[in-house]
Amino acid sequence: MNDALDVEQLRSETPGCADGMHFNHSGASLPSRSTLAAIWDYLRKEATEGPMEAANGASTLLEEVRADTAALIGAKPNEIAFLGSGSTAWGAAFSALPSLVAGDRILVGRQEWGGNLATMQDAAARAGARVETIPVRDDGSIDAGGLASMIDERVRLVSLTWLPANGGLINDAAAVGRVTKAAGIPYFIDAGQALGQIPIDVASLGCDVLKAAGRKFLRGPRGTAILYIRQEFMPRLTPRYLDVLSGPIVDGVVKIRNDARRFEAGEISPALIFGLGIATRQARTLGIAVIRKRINTLANGLRDNLRSIPNVMVRDLGTELSGIVSFTVESIPATEVRAALAGRQIAIGANGVPYTPLDMVARGLDQIARASVSYLNTLSEIARLSEAVADIARRA
Ligand SMILES: Cc1ncc(COP(=O)(O)O)c(C=O)c1O
């Protein structure tokens, strides 16, 4: 076990660890007491001073959070915008690309997040363009070589969900980046399940756009997301709408900001962003490599346990695995497994087809149970979850 983290201390600073067991960090994790305090303190300040008046002193702190989140992914502060959700962030960047025309192609990974896919499919259908799936390797991960052979002058975008929502796969996002860079094609990464869980370095990934919500493995508040736009890529994205901060009218002319804040609403919630800032600093202090190592040990232990249970099948694809452990129980739908575990105060997720339609359909799955592990989880929780699943599976 990795001893570099004082897990008991970290758990004692997390109110949610006191009640039940949380294995839904890929849905939304548990914030720390200091993250909550940052939010409450600022809301109190707004309530006493007046929200607009409190904001006068908030901009320096907001820029500190921007610098910290940028540092977490190897970006520059001016390449980061704060938005309200992962999907909003992704949609803001996608809709800012030049309009598709008939015959255009968009290439996506097989585990593309359903919301991104819906946005692309809808835009493609209206334009007479196509969304095509990049082939996978034998282990189910993206085949960068297969992608290279699909590239032609009609490809307008490559989009990859790096760590899918429906299992432990970690796609080789950097290999995809090498292909897109060589071809000069825009490359978007959905890093929703990566942020706070595995190291992220946008330069080595070779992406133009990357986004992630703050509430998952990073343990930030709901209602926060970061959108990274590579500085040199910025001029190729024209926001679909502006506000008085992202594109003020100066002397009768619209001046769109030349940093990522061209996508940020002036009316963001400083309280939530400050909470995100605390979560980010906490993750950086603990060290993402240390976090990753502990998650890996715990998740692999859980996989081993589940594999030994009759009627339970671990469904994770790939070779390099994340903290998302997906499984099915023979003849019991995942939603029922989730409900049975919830009855024992154990929270897990259950995904249907809409989260990852291409992958679920390709694998003939209609539901998947998803136990996602954080560094906050313990070996004894892993044992108790495994026993509970074994008990449920006995009824199968
Ligand atoms: C990989 C991935 N992308 C996108 C999303 C959606 O993010 P949001 O709910 O913040 O819009 C999720 C949510 O679980 C996800 O797992």
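Before moving on, here are some points about what is shown:
- Calculated on alpha-carbon atoms, Rg and Dmax of segment 80-133 in Å: 11.5, 34
- Rounded to the nearest Hz, the phi-derived 3J(HN,Hα) couplings of segment 238-249 under the Karplus curve 6.51 cos²θ - 1.76 cosθ + 1.60 (θ = phi - 60°) are 10, x, 6, 8, 10, 9, 5, 9, 6, x, x, 8, where x marks glycine and proline.
- For the chain: relative contact order, % (alpha-carbon pairs under 8 angstrom, 6 or more apart): 23
- Sparsely packed loop sites in segment 236-313 (the trypsin sites (Lys or Arg not before Pro) outside DSSP H, G, I, E and B with at most 12 other Cβ atoms within 10 Å) comprise R240, K255.
- Along the axis of the charge dipole computed for the chain (Cβ charges of +1 for Lys and Arg, -1 for Asp and Glu, origin at the Cα centre), the listed residues N300, A92, T224 are led at the positive end by N300.
- Gap separating the Cα centres of segment 56-87 and segment 139-155, nearest whole Å: 32
- Loop-located GluC sites (Glu not before Pro) in segment 51-80 whose Cβ has at most 11 other Cβ within 10 Å (DSSP): none
- Leading residue at positive end of dipole, segment 119-173 (Cβ point charges), from I151, Q121, L169: Q121
- Computing Rg and the Kirkwood Rh from the Cα coordinates of segment 35-285 gives a ratio, Rg/Rh, of 0.99.
- Proxy reagent accessibility, fewest Cβ within 10 Å first, across L210, L5, L169: L5, L169, L210
- Label positions at S12 and D304, each projected 7 Å from the Cα along the C-beta direction, are separated by 3.0 nm.
- Only the Cβ atoms of Lys and Arg (+1) and of Asp and Glu (-1) were treated as charged; on that basis the dipole of the chain about its Cα centre amounts to roughly 240 debye.
- When each of the peptides 33-40, 315-322 is scored by how many other beta carbons lie within 10 Å of its residues on average, the order from highest to lowest is 315-322, 33-40.
- Think of the chain as having a plus end and a minus end, set by charges on the Cβ of Lys, Arg, Asp and Glu; of S26, Q367, L205, Q367 sits farthest toward the positive end of this dipole.
- More than 26 angstrom apart: percent of Cα pairs within segment 80-199: 15
- Here segment 117-133 and segment 244-323 have alpha carbon centers that stand 26 Å from each other.
- Linear extension gain, A127 paired with D366, 0.36 nm per residue minus alpha-carbon span: 83.0 nm
- Pair L36, D391: separation of 7 Å Cα→Cβ label points (nm): 2.7
Coordinate-derived values only; no laboratory data. Model, not experiment: these values are computed from the prediction. Positions of Cβ are backbone-derived with ideal geometry, glycine not excepted, and every protein chain shown enters the neighbour counts.
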